[in-house]
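Each remark here refers to the structure printed beneath this line.
The values are calculated or read from the model by the stated rules, or taken from the named source; none is laboratory data. Just so it is clear, the structure is predicted and the values come from calculations on it, not from any experiment. Note that each Cβ is placed from the backbone with ideal geometry, even for glycine, and that neighbours are counted across all protein chains shown. Protein only, heavy atoms only, side chains kept; ligands, DNA and RNA dropped before computing areas. Shrake-Rupley method; radii C 1.70, N 1.55, O 1.52, S 1.80 Å.
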Amino acid sequence: MKKILLYSISLILGLILSQVVPVWIDGETYILFKDLMTNLMYVCLAFVMINVGREFELDKSRWRSYRDDYFIAMGTAALPWILVALYYIFVLLPPDYFGNGTAWKESLLLSRFAAPTSAGILFTMLIVSGLKRSWIYKKIQVLAIFDDLDTVLLMIPLQILMVKLYWQMGAMVAIILVLLIFGWRKMSNYGFPQEWWNILLYSFILLGFTWALNKFFNVHIEILLPAFILGMVIRHKESHRPEKQVVAATISVIFMLLVGLSMPFFGSLGSSDVADFSEKSFSILGSQPLPSVTSLAFHVLIVTLLANIGKLVPLFFYRDRLIEERLAISVGMFVRGEVGAGVIFIAISYNIGGPALIISILTLALNLMLTGFFITIVKKLAFKVQKNKCNSQR
């Protein structure tokens, strides 16, 4: 719980600093500072995604047995995404933008933050709760990994939509297909060293790799996919060394801070600076006026509710299981974390800002703070199932 609290505080602290640092630092120094923070954030994101990819382990000879789980996970990732995107379009934007293609592209990209479940946080807390041997844990493990995979894959067409030149689209599709084919064919094939400093080194190398790729082909490939693919091809080795867990948690905390810090500067709320920023904004979502604090809080609550309602998809499947077990899986999928923050950062890189961005970050922070509550519900439901099974056997 301390780690989750740190994630939430870091995200909010970064959000606050994003509005005061530009005032403290002069223009040229701030640009250098921003570039440094962006590169550091890419390294942290790569570190997180390599570890997510390392958790992705499948028996390729039995891939058909995962088919149902994959489609359920896809629905679990897609429904919250769609609900939040619709909210951003029909509630946050004026009616004039309801049929605007650019507004839809921006909303679909930013709202994707609501899709991924935080596998790392979720697995750790369920193990601590004593559920590692339960059917609930095993099923959540499969669904959460597929959930993250689906998020990575669906970010690809969304990013392609943001590219306006057709030849760039073709180059991006070709590069992405090569990476995906390589990842599938070489899954868990390489016994690379996996200490925390090795993974950090790989993250810096990937930063250079994606920079060269984008420079050479004049495309916009985010580090998210190459890092995930690298994690996939590494043969996962379990490590319970305390320092490795501490470093991984520290890097995640730094990443959350940097995501908040990367927020655009809006100036003083309600001042003419906001209007100036809106006029200069490169995005439709970013050009919208900031609502009052009360309205902002209301939007955060509604988006949090929609995002978690969308995660209830598993409740309607696995009909051979008790409803408590299905509900436990669904509630477990409520847990969000670094991958969602990574999606928000990618949206920022496309100059998508405004109220929707603030709502997304605050929603992620709120969901993080509710993680302990969600895990408590899962634990109670699991123990209730176990108790009922014991009673029925007597």
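Answer yes or no: is there a residue in segment 335-345 that is farther than 22 Å from PHE146 by Cβ, out of contact with any His (no Cβ under 7 Å at 6 or more places or on another chain), surrounded by 20 or more Cβ atoms within 10 Å (Cβ to Cβ) and among the aromatic types (Phe, Trp, Tyr). Yes, some residue in segment 335-345 is farther than 22 Å from PHE146 by Cβ, out of contact with any His (no Cβ under 7 Å at 6 or more places or on another chain), surrounded by 20 or more Cβ atoms within 10 Å (Cβ to Cβ) and among the aromatic types (Phe, Trp, Tyr).
So which residues in segment 185-196 are without any contact (Cβ under 8 Å) to a residue 40 or more places away in the chain and not basic (Lys, Arg), if there are any at all? Steps first, answer last, please.
Step one: list which residues in segment 185-196 are without any contact (Cβ under 8 Å) to a residue 40 or more places away in the chain, which gives 185, 193.
PRO193, the sole residue that qualifies.
For segment 27-59, a residue qualifies if it is part of a helix (DSSP H, G or I), within 24 Å of LYS244 (Cβ to Cβ) and charged (D, E, K, R), and the qualifying residues are ARG54, GLU55.
Would you call LYS138 at pLDDT below 75 and of a type in the set (Lys, Arg)?
Values: at pLDDT below 75: no; of a type in the set (Lys, Arg): yes.
Criteria not met by LYS138.
Every listed requirement among (1) buried (at least 19 other Cβ atoms within 10 Å of the Cβ); (2) modelled with pLDDT of 75 or more is met by VAL219 save one, (2).
Can you name every one of the helices (runs of 4 or more DSSP H) wholly within segment 285-377 that holds 3 or more residues which are modelled with pLDDT of 90 or more? Walk me through how you get there before you give the answer.
Values: elements: 293-309, 323-332, 338-349, 354-369.
Output list reads 293-309, 323-332, 354-369.
The single residue among LEU110, LEU92 that is open to solvent by less than 60 Å² (accessible area, probe 1.4 Å), aliphatic (A, V, I, L, M) and farther than 19 Å from GLY310 by Cα turns out to be LEU92.
Counting the residues of segment 346-355 that are touching a His at 6+ places or on another chain (Cβ under 9 Å) and among the small types (Gly, Ala, Ser) gives 1.
You will find that of LEU206, LEU213, LEU180, the residue that is part of a helix (DSSP H, G or I) and modelled with pLDDT of 85 or more is LEU206 and no other.
For beta carbons closer than 6 Å, sequence separation of 6+ or different chains, a first residue in segment 227-241 that is in a loop (DSSP other than H, G, I, E, B) and a second that is surrounded by fewer than 24 Cβ atoms within 10 Å (Cβ to Cβ) and at pLDDT 90 or above, there are no qualifying pairs. Taken over segment 122-135, the residue count meeting the criterion of being surrounded by 15 or more Cβ atoms within 10 Å (Cβ to Cβ) and small (Gly, Ala, Ser) is 2. Restricting segment 136-145 to residues that are open to solvent by 10 Å² or more (accessible area, probe 1.4 Å) and not β-branched (Val, Ile, Thr) leaves a set whose member that is nearest to the chain's Cα centre (by Cα) is GLN141.
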